[in-house]
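Single-structure report; data block below.
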Amino acid sequence: MSVLKVTISEELVLNGNDLGTQNVFTDSNITFADRRVMGLDAISNRSVVEFGTKPMAGTFQDATVEYLRITNLDTTNGIVLDIRGNSEQYFVELEPECSFILSNNIMDANNESTAQTFSTSNIDTIQAIAKAGTPSIEYFIAG
């Protein structure tokens, strides 16, 4: 097994006050990793990653993901991530040069006006589409 170390660092001095932080996440049980850069367009969703009961090409096994990062590499155009699982769906808009990070492949999404109980399920797929232009994204996944 290998060790994954993720460092998130924010630098900000606001009105003379240093508000920067640094957080480190370490996982010593990593047995797989994958990294890919892919182009998008504003015409149709593109499959970024999928999850299932068995690992296959482009599909990662449920409950094995420890870290997932999707980064919009474009300096001008935003993208939209479409995250789906168990008949639920939510969207995340990523501005240029921004990242979306998950520490597993679990989700819960509801569009109800009444109080809901928290009930998670596996993410089935993450797709992406450009808001404009032809931006590139990068994903890095480990588990």
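Bear in mind that the values in this text are calculations on the coordinates, not laboratory data. Predicted model, so just to flag it, every value in this text is computed and none were measured. Don't worry about glycine lacking a Cβ; one is built from the backbone with ideal geometry, like all the others, and counts go over all protein chains shown.
Of note:
- Residues whose placed amide H lies under 5 Å from that of GLU66, excluding near-sequence neighbours: ALA142, GLY143
- Debye log10 I(q)/I(0) at q = 0.14, 0.16 Å⁻¹ for region 1-89, Cα point scatterers: -0.77, -0.95
- Summary of packing: across the peptides 95-105, 28-38, the per-residue average of other C-beta atoms within 10 Å ranks them, highest first, as 95-105, 28-38.
- Full-extension gain in nm, ALA132 to ASN45, via 0.36 nm per residue minus C-alpha separation: 30.1 nm
- For ILE30, the residues whose amide H sits under 5 Å from its own are SER2, LEU4, ignoring neighbours fewer than 5 places away on the same chain, with H placed 1.01 Å from N.
- When you filter the GluC sites (Glu not before Pro) in region 1-88 for DSSP loop state and at most 15 other Cβ atoms inside 10 Å of their Cβ, you are left with GLU11.
- Derived scalar couplings ³J(HN,Hα) [region 59-66; Karplus, 6.51 cos²θ - 1.76 cosθ + 1.60; whole Hz; x for Gly, Pro]: 10, 10, 6, 3, 6, 10, 6, 10
- Here the label points at SER99 and ARG35, each 7 Å from Cα along the C-beta direction, are separated by 1.1 nm in the simple model.
- The HN-Hα couplings worked out from phi for region 73-80 by the Karplus form 6.51 cos²θ - 1.76 cosθ + 1.60 (θ = phi - 60°) are 7, 6, 9, 10, 9, x, 10, 10 Hz, whole numbers, x standing for Gly and Pro.
- Residues with amide H under 5 Å from that of LYS131, placed H, sequence gap 5 or more: GLY78, ILE79, VAL80
- Cα-based shape type of region 24-143, given that a ≥ b ≥ c are square roots of the gyration tensor eigenvalues and the cut on a/c is 1.5: oblate
- The chain: antiparallel DSSP beta bridges as a percent of all, rounded to 5: 95
- Taking 0.36 nm per residue of separation and subtracting the Cα-Cα distance, full extension of the segment from SER121 to PHE91 would add 9.2 nm.
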